[in-house]
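Please treat every number below as a calculation from the coordinates, not as lab data. Quick caveat: nothing in here was measured; it's all calculated off a predicted structure. Ideal geometry is used to build each Cβ from the backbone, glycine not excepted, and the neighbour counts take in all protein chains shown.
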Amino acid sequence: MPLFAFEGREPDVSPEAWIAPTATLVGDVRVEAGASIWYGAVLRADFGPILVRRGANVQDGSVLHGGSDPVTEVGEGATVGHLCVVHGAVIRAEALIGNGATVLDAATVGCRALVAAGATVPPGMAVPDGMLAAGIPARVAGPVKGRASQWVDTNPAAYRDLARRHAAGVRPAPGFGTMPLPGSPDAVAPDGSDVRVLLRTGRGSMAHFELGAGRVSRAVTHRSVDEIWYILTGHGEMWRRQGERQETVALTPGTCVSIPAGTHFQFRAGAGGALAAVGVTMPPWPGADEAYPVSGPWAASGLAGSRWVGVGSWNIAIWANQACESPC
């Protein structure tokens with residue numbers, strides 16, 4: 001799942017919640033047990049927290065954003081339907097926001113209330129408990145009743161069960177992948193490293209990269225992924241450290257090196273030519289916070305920065321192009 005820290009705050013997801021692999025959570029997002037965030041949803045908590053309470057569900061393609069007054073909140077057992085926008089608003093327990101609806105700043109949707117599909121709840125509006133709001137701008141149309149009442153009654157449990165099924169049963173579709181090495185780079189880093197993204201499966205991803213002659217990478221470590229590199233051309237060195245153990249090895253064509261999660265590592269290319277390799281990441285790269293800088297033995301060359309290459313709905317970080325002006 002793509003989870004991203006922002007200015008020191010990162011998503012806090014209960015192990016009993018389910019986040020779809022293509023949902024995106026940024027910053028101070030808090031997801032409680034039994035809640036579910038579905039495919040393509042984006043929860044961006046940079047101006048203030050976003051709270052998704054126990055057993056709530058935020059469905060496919062919805063966007064949640066807002067500030068700190070009020071905190072954007074989806075109450076216990078509440079439903080935010082497909083393609084909704086909830087911006088700086090509070091959705092109370094077991095309320096239901098219909099498909100394509102918009103709930104704007106400082107609005108409140110009461111317990112077991114329903115916002116009709118396509119409606120826009122204007123800023124500051126309060127939809128009372130158990131009432132239906134419809135239209136643009138939304139107006140209270142009366143109590144929730146009939147079939148609409150059935151949706152409010154049944155949807156929380158139905159989506160909790162459906163989330164359990166997806167957690168257990170969703171896997172990348174099997175199939176064969178074939179592609180040539182791209183003729184041009186997918187990205188060019190500030191230090192001139194060329195990156196070409198290759199194939200991925202549900203359990204690993206691969207990329208081809210070059211570090212220019214005489215260049216030195218930034219020293220980094222990975223939080224959770226293992227990597228295996230195979231050197232294609234060029235000559236250089238790689239330094240690796242795990243705790244008190246460290247070593248520097250020569251990199252030549254045909255050399256294969258492993259980089260287990262938590263290993264501090266840095267590499268450099270010789271002056272005679274670029275260092276080119278393919279690297280396999282297992283599992284696939286999980287997101288922007290996976291790698292972080294550490295101290296290394298050599299002063300890195302070039303400009304600080306990294307380049308992220310999107311592959312469909314996935315991101316792969318290519319660390320060959322991370323470098324800085326001063327020693328790391």
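Observations
- Multiplying the residue separation of Thr255 and Ala213 by 0.36 nm and subtracting their alpha-carbon distance yields 13.3 nm.
- Where GluC sites (Glu not before Pro) in DSSP loops with at most 16 other Cβ within 10 Å are excluded, longest remaining stretch of the chain: 17-243
- Highest-fluctuation residue, Gly124, Gly55, Gly146 considered, GNM on the chain with Cα pairs under 10 Å: Gly146
- Relative to the current alpha-carbon distance between Thr154 and Glu7, full extension at 0.36 nm per residue lengthens the span by 49.0 nm.
- Sorted ascending by nearby beta carbons within 10 Å, beginning with the fewest, Asp28, Asp129 become Asp129, Asp28.
- Highest-MSF residue in the chain out of Arg245, Arg30, Arg196 [GNM, Cα springs under 10 Å]: Arg245
- Size check on the range 144-269: the Cα extents along the three principal axes, sorted descending, read 73, 42, 29 Å.
- Cα centroid separation - the range 25-95 against the range 224-275, whole Å: 42 Å
- The distance linking the range 103-122 with the range 151-221 is 36 Å (Cα centroid to Cα centroid, whole angstrom).
- Between 0 and 90 degrees, the angle of helix 146-169 with respect to the longest Cα principal axis of the chain falls at about 20 degrees.
- Reported label for calculated Rg and Dmax of the Cα atoms in Å given (1) 18.5, 57; (2) 24.1, 78; (3) 23.3, 82: (2)
- Fluctuation leader among Ala213, Ala41, Ala20 - the chain, Gaussian network, Cα springs under 10 angstrom: Ala213
- The overall shape of the range 3-169 is oblate: from the C-alpha gyration tensor, with semi-axes ordered a ≥ b ≥ c, the ratio a/c is 1.5 or greater and a/b is no larger than b/c.
- Packing-based exposure ordering (other Cβ within 10 Å, fewest first) of Cys84, Cys111: Cys111, Cys84
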